[in-house]
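Every read-out reported here was derived from the displayed coordinates using simple, explicitly stated rules and does not represent laboratory data. Everything numeric here is computed off the predicted structure, so don't read it as measured data. Here the Cβ positions follow ideal geometry from the backbone for every residue, glycine too, while neighbour counts run over all protein chains shown.
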Amino acid sequence: MQPGLLLVNLGSPASPTTRDVKQYLQTFLSDPSVVEMPKALWQPLLRGVILPMRAWRSATFYRDSWLASGSPLIVNSRAIQRLVQAQLPTWDVQLAMTYGKPAIDTTLMAMHNRGDTQLVVLPLFPQYTQSTHAGIKRQAAATGLPFEFITHFYDEPVYQDLLADQIQMSYDRHHYDAIVISYHSIPTAMVRHGDPYQAQCQATTQAMLDRLSPAAQAKVVTAYQSKFGPMPWLKPYLKNELMQLVEMGKRNVLVATPSFVVDCLETIEEDYVQNYQTFKACGGDRFDLVPPMNDDPTFSQLLATLAKRQLEAVVNG
């Protein structure tokens, strides 16, 4: 008899081969929480156009970032899991992925069968959005098991302090002309339909501004990255913002990515390679990235605290 904590991240292909990347993208992009287009319109486009064109290209990106021990997202998430388990020695702390393996449903059932009587599901996304959280909650609910669900932690003072400290320390090492706070973008239609993600991103940025030095505060701009498909997503797009900064004479840039808690394809390939190359090609000089939380012990301690607090609230509620 023990409580169980399931940490959930987005997922990864089983390998960086075109076949496995195609299977992963098909599962991911078939989730109605991610793409809201009617299935009858979306699936022929996905299977007939997008996957044949995108899978091989994405596979090259995964191959470039793949570690000897596997997918960077899963390897780094496993490191967090181990640290949180050390913080919660009487709990059963496991890791699952929304898409791919280990799967949410089978992991939760295994935890239940081991005697985990109180289950907490904690998505590793600071800000809530339908496109990440709805699929997690739906898959967990499909098991029929009771569980507590933590919807966000962007407003936790410990998280905000840690984020601001990381940015300030990076900023203090060099004389940057701009600090770009870059969040994963989502379709603007989701925001119009009531998704709180943009408001929570703005609140995250404001919390950091309140904690940064005046010199750093004056150089902060917000952008969004990782747009997919033809529909409008939240702007300004990071790549365009970087080009515009260079045009304004701001050639030394620091980028922070608060919506990513671990290094993954978006930080390693999209930012360190693609956006870096765009920035340099436009005439930029210095391009640095503030590392995500990864295996920071303070971050893992926060996750453990969130789980304990969630169960305490149930007991006391």
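Let me have the 222 nm mean residue ellipticity of the chain computed from DSSP H runs of 4+ only, each contributing -39500 (n - 2.57), with the sum over all residues rounded to the nearest 500. Walk me through the intermediate numbers first.
Numbers: 13 runs with 147 residues, N = 317.
Dividing the helical sum by the residues of the chain leaves -14000 deg cm²/dmol.
What the Cβ-Cβ distance of ALA68 and HIS193 gives, at R0 = 51 Å and to the nearest 0.05, is a FRET efficiency of 0.75.
Take each of the peptides 69-80, 178-189, average the number of other beta-carbon atoms within 10 Å over its residues, and list them starting from the highest.
On the way: 69-80: 19.8, 178-189: 22.8.
Put in order of decreasing packing, that is 178-189, 69-80.
Would you give the gap between the C-alpha center of the stretch 174-225 and the C-alpha center of the stretch 83-147, rounded to a whole Å? Between the Cα centre of the stretch 174-225 and that of the stretch 83-147, the gap is 28 Å.
Remark: spin-label model distance ILE50-MET1 equals 4.8 nm, labels positioned 7 Å along the Cα→Cβ axis. Packing order of peptides 235-242, 36-43, highest average first: 235-242, 36-43 (average count of other Cβ atoms within 10 Å over each peptide's residues). Highest-first packing order for the peptide set 123-135, 15-27 is 123-135, 15-27, based on the mean count of other beta carbon atoms within 10 Å.
The HN-Hα couplings worked out from phi for the stretch 210-219 by the Karplus form 6.51 cos²θ - 1.76 cosθ + 1.60 (θ = phi - 60°) are 5, 10, 7, 5, x, 5, 6, 3, 5, 10 Hz, whole numbers, x standing for Gly and Pro. For the chain, a crude dipole built from +1 on the beta carbon of Lys and Arg and -1 on the beta carbon of Asp and Glu, taken about the Cα centre, is about 880 debye to the nearest 20. For VAL253, the amide hydrogen comes within under 5 Å of the amide hydrogens of ASP177, ARG286, PHE287, ASP288, counting only partners 5 or more places away or on other chains and with H modelled in the peptide plane.
The simple spin-label model puts a point 7 Å past each Cα toward its Cβ; for GLN202 and ALA86 those points are separated by 4.0 nm.
Computing P(r) over Cα pairs in 20 Å bins from 0, in percent directly from the structure and comparing it against [x] 31, 60, 10, 0; [y] 34, 59, 8; [z] 27, 32, 19, 16, 6, 0 singles out [x]. Were the residues from ASN252 through GLN43 laid out at 0.36 nm apart, the gain over their Cα-Cα distance would be 71.0 nm. Counted as membrane-span-like here are DSSP H helices of the chain whose alpha-carbon atoms extend 27 Å or more along the helix's own axis and whose Kyte-Doolittle mean is 1.0 or above; there are none. Length gained on full extension, HIS174 to ASN113, computed as 0.36 nm times the residue gap minus the Cα-Cα distance: 16.7 nm. Quick one: divide the alpha-carbon radius of gyration of the stretch 26-104 by 2.2 N^0.38 Å and tell me what you get. So the stretch 26-104 has a normalised radius of gyration of 1.45.
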